[in-house]
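Below is one structure, written out as structure tokens, with a few remarks after it.
The values are calculated or read from the model by the stated rules, or taken from the named source; none is laboratory data. Keep in mind the model is a prediction, meaning the values are calculated, not measured. Quick reminder, even Gly has a Cβ in these numbers, built from the backbone with ideal geometry, and neighbours come from all protein chains shown. Note: accessible area is taken over every heavy atom of the protein model, side chains too, but ligands, DNA and RNA are not part of it. Shrake-Rupley method; radii C 1.70, N 1.55, O 1.52, S 1.80 Å.
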Amino acid sequence: YSIPTPPPMETPSNIGIYSSLTSQLEEIFDEIIRSNLFYGKIWVGGDDEMIHHVACAYAHILQHKPHYQALKIHFFLLPSSHPSSTLISDFIAKRDIIYRRSIYNPLHFPKSHIPYMDFTAELQPEHIDLTNLYHRYSSSFNSNFSSFSSLNSPLENSYLMDATRAAPSPRELLKSEIQFCLWSARQVFSVNIFKCECVLYTTPDVQEIKTIPFCHFVEISTRVDAVTKNLKIEDWRSQPLQSELEIEFRAMNPQSTPYRESMEIQALLSLLLISNVPTDDSPHANPSTATLELVGKEPEKKSKKTSRLPTGPIQYHVSEVKVRIPKNSETKKPFTVMIDSEVIHNCHSIRVSRMTVGGGDEGSHISVPFVTYFPLNI
């Protein structure tokens, strides 16, 4: 089964999902049940935005229709081409060399794997010998093709291929690699799903709560403000947020064991990141654990001064985070939150916690099972 790119977003009252994508997944699950298989493999192709919508739909289905938990569903991840952001694919590719060479590199960096003609300045098109165009393949493609063709005879030159020998097209070669992954990759890498509950005011007297699942990160920063409001900020890290934030959390180790009492920090930051995947600002995050990496950074100053935060820079593993505008804040301006690929404006507080099957805090953690060649949970 494969999941196509969904149409524009349809947002229900409480949870942000693609309703059409949810219907497609349910149809696939029902077809698996009718076939008496109770096991299905689903290809998911795209960038972080597509993975976010699949995670939202999958979490929504498990929460509202728990009988689908009996199915053994595996998702196969096909990344989109560069420069699209593919954080989970990046995480898998850095740790699974077979996935990186056979799936990630050909799809994320297609130019290095597709034959192309290299015309030099001295060689004009009218002087090209058309009979030799077949030989003008990129060296990177030949290096990948060499293992395939070595069964017949070795290549005489890494830059040239015998025109009399039948060669698979790039499309056929990539198709064979995807089929090989479909049948050979058996290790399961579960990416945990979290939720962000946003409290915002559509009018001064009307409060609204939006619950949005996510699998990548939640970010509050001047960069988000600049992108969403089309502002030009050259150095966003040096610009503070419009209001101070009060952050409440309980620090945990990577094994999800609390080792400190609940902490509260109030500070004026330029970046607050709650990440489930490794990024430049959160290098220690791991999407397969039940913890998130909380990172808070002050505006960068040209002069070197010590941090004004009472505990130094914020960097902890947490399972739940509450962020709100302090009661004693002078500005009390609402903030903007980016949740994976979705942006929520006019937030007064947010709560980030685990996404569970029963919907409460004690249910089993919902995760999306992706398939890899190598075991990554070591």
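Name the helices (runs of 4 or more DSSP H) wholly inside the stretch 19-115 in which the number of residues that are basic (Lys, Arg), at pLDDT 85 or above and farther than 24 Å from PRO283 by Cβ is 1 or more.
19-34
Touching a strand residue (DSSP E or B) at 6+ places or on another chain (Cβ under 7 Å) and either at pLDDT 90 or above or surrounded by 16 or more Cβ atoms within 10 Å (Cβ to Cβ) (or both): is that true of THR311 in this structure?
Taking the combined requirement at face value, the residue does not satisfy it.
For the stretch 38-74, give me each residue that is among the charged types (D, E, K, R), more than 13 Å from PRO369 (Cβ to Cβ) and either open to solvent by 30 Å² or more (accessible area, probe 1.4 Å) or over 15 Å from the mean Cα position of the chain (by Cα) (or both).
ASP47, GLU49, LYS65
Please identify the pairs in which a residue from the stretch 311-330 that is free of Cβ contacts under 8 Å to residues at least 24 places away in the same chain and within 16 Å of VAL199 (Cβ to Cβ) has its Cβ atom under 9 Å from the Cβ atom of a residue that is charged (D, E, K, R) and buried (at least 17 other Cβ atoms within 10 Å of the Cβ), counting only partners at least 6 apart or on another chain.
Every condition considered, the pairs that remain are LYS327/GLU246.
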